[in-house]
Each structure stands twice: as structure tokens, then as C-alpha cells.
Amino acid sequence: MSPREMRARLSGPALDESRARRRRLRCHWCAKRQQTDNPARIASRWPPPYHVRMHSNDLQNDDCFALRQASRHISKLYERHLSEAGITPTQFSILRTLDHGSNLTMAELAKAMVMDRTTLVRALQPLLRRGLVVAPAEGQSNRRLRVVLTRRGLAKLDEAAAHWAAAQASFERSFGQQQAAHLRNELFRMTGDVSDR
């Protein structure tokens, strides 16, 4: 077939139809891309967690974050004061708990401190080494093991109480005495009402 015959066959209706087909294909793929790039369409195709992630990044509405942040902030204040007596806020609370309720079992002390047994044992070890508390060996099972405050522990508690009072006064001056009392009552109500279910 000569070049002239080839041009003749490609011209006319056949050429027009070929061009029209290419235009239709371009329009089809442009429309598909617009649908694919549409943010609303993308969001609608993702499962529910996608929508949750877009709206769950506001820490101002996170109760757990707020409580843990406040706890760390206040703990630093008490740690700074109690470090002068050589104990931590957790150790001070254990000594005070044992002073109020003598001969507590490990289970009773863990419940009073709202601590699991492993964490409590880890906190008690320095106190046991320093002789501030004892766990008399009386043939008891580990579950019924009792923890007792010693005379040395009572003396350390009296020494640390002055530093604790300074920390308490510092916090109430900055936060407000009535506000601190209200916060304390609400937190105690929370630990009494909220379970870990």
C-alpha cells in the first residue's frame, strides 16, 4: 500500500472516530482521578479508626494525661523536700500508712497504697535494708506476710514529716488551700469509686 493510499484510509470517518475514542478515554481517567483525590471520598473509604485518629489528638480532653501530668508535677515538689530526709514520697506514704495501721499484711498494705504487689515489694526493699520496716519471719505464707514499722522507721517518719509539711504548705500557697482540699477530696473519692475494670 502506497503512502497516499495509507493517508486516504486513515482520513475521514475512521480518523474522527479514533480521535473521539482517545478523548473519551482521557475524560474517563480524569474523572476517576478526581474521585480518587477527593479527600471526602478518601475518608469515607477508610474504616472508623481513621476518623477517630483525626479527632483524638487533643490532650486537653485526655483525663489520663491530665492526671499523670499533675501527678508528676506535684511529685517533683514533694521529692525535692523529702530528699532532705533521705526518702521518697512513696516511702514516706508507706511509713505513714504503717504508722496508722500497725501489722498490716502485704495484701492490706498494697490495697491501702493502691499498688500491685510487685511494685510494693520493690518500694519496700530500700526500707527493709535500712531497717525502717521489718517483715518478721513467723512461718507465715508470703500472702499473709506482715510489715511492721520499726523504731528507726518511726524516727525517720518524724524527721521527714517536717519536710513533708513544707512541701504541703508550698503547694497550698501556689494552688490555694481550699482548692487543694477540694482536689484532695475529689481524688480520694475517685480512688474509692473508680475500679480498674
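For the reader, a short list of remarks on this structure follows.
- Gained length - residue 191 relative to residue 73, 0.36 nm times residue gap less alpha-carbon distance: 40.6 nm
- FRET E, pair residue 96, residue 62, Förster distance 30 Å, beta-carbon r, rounded to 0.05: 0.45
- Direction-averaged projected area, Cα convex hull, the range 63-193: 8.6 nm², rounded to one decimal.
- Across the range 63-193, the mean sequence separation of Cα contacts (distance under 8 Å, 6 or more residues apart), normalised by length, yields a relative contact order of 28 percent.
- Summary of packing: across the peptides 179-188, 121-130, the per-residue average of other C-beta atoms within 10 Å ranks them, highest first, as 121-130, 179-188.
Only the coordinates and a few stated rules stand behind these numbers; no lab work does. Please read all numbers here as calculations on a predicted model, not as lab measurements. In this analysis, Cβ positions are derived from the backbone assuming ideal geometry, glycine residues included, and neighbour counts consider all displayed protein chains.
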